[in-house]
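Worksheet for the structure shown next.
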Amino acid sequence: MMWRLRPLFAAAALAAVLLLSTAARAREIRVGVGFAIAPYALREQDAGLEVDLLRAAFRAAGMEARFVYLPNLRLPLALAEGDVDCLATSAGYDMAERTGRPVFYSGPTLTFRNYAVTLADRDLRIRSIADLSGYVVLGFQDAASYLGPEFAAMARGNDLYSELSDQSLQVRMLFSGRVDVVLSERRVFLYWRNRLKGSPAGRAVDLDQAVTFHAIFPAQDRQVVFVRKSLCDDFDRGMAAIRESGSFDRIVRAYDRAEYVK
């Protein structure tokens, strides 16, 4: 009788393994994230400050994040077409309008603050968004949508305003004097300045020139946008768990000890 039961036990065990494997696959979450915001997202390493925080929060919620690195302008389309399950983005974007489908917003994940960055020896007096008018200003991709209506109006009225996705090129253009102002988050700017030092492109300019960070934009939270409320709720619980455990602060401290923040 026992020999007859063994195949049944084996079949049951195999079925359990397949069921667990299917469940594990079902818990993989595809997360869209902008590829041009190093050190928050480092595509080559599949890491970064924001990426590591989100991965930890998803794991705390019992999910495994697979990050899909995309240009900023591609992110809403990827969510609309179902290529990703959620997006890491900045608060203030109306993703329901941009994707054409119902969405659910997580709580804040971390905080960004963009600055107008200038060479200190230029002594430019930039105390407000309006003061950018008349200067050669270089923004990051989709900055005119991200930085609010007052900035969007300035961008429309300033023929010297442009955007690009390569933020390392922003840094080079500022230090070479080809633009008056670049718009960047502080960690992003300092990361690229440090990375360029010693490179052929970086040796062509003086990257040690002092810069001024003009705080003309308010701080803005980052968040994750989902198409399923249950996933959003699970993620919020995971984020709360890593904050309570201290994992959140440990990840942030690890990046803020890096050389580029100095």
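The values are calculated or read from the model by the stated rules, or taken from the named source; none is laboratory data. Remember, predicted model here, so these are calculated numbers, not experimental data. Cβ sites come from the backbone with ideal geometry, for glycine too, and all protein chains shown count toward neighbours.
Taken as a whole, the condition of being farther than 26 Å from Gly48 by Cα, assigned to a helix (DSSP H, G or I) and touching a Lys or Arg at 6+ places or on another chain (Cβ under 9 Å) does not apply to Asp121.
Take the conditions aliphatic (A, V, I, L, M) and at pLDDT 95 or above and apply them to Ala144. Does it pass? No; evaluated as a whole, the condition is false for this residue.
Screening the candidates Arg195, Arg203, Arg172 for the property of being free of Cβ contacts under 8 Å to residues at least 12 places away in the same chain and over 13 Å from Ile37 (Cα atoms) yields one hit, Arg203.
Please verify whether Phe213 is modelled with pLDDT of 95 or more and under 18 Å from the mean Cα position of the chain (by Cα), treating the condition exactly as stated.
Spelling it out, it is not the case that Phe213 is modelled with pLDDT of 95 or more and under 18 Å from the mean Cα position of the chain (by Cα).
With the structure loaded, tell me whether Tyr115 is assigned to a loop (DSSP other than H, G, I, E, B) and either loosely packed, with under 13 Cβ neighbours inside 10 Å or out of contact with any Cys (no Cβ under 7 Å at 6 or more places or on another chain) (or both) or whether it fails that test. Criteria not met by Tyr115.
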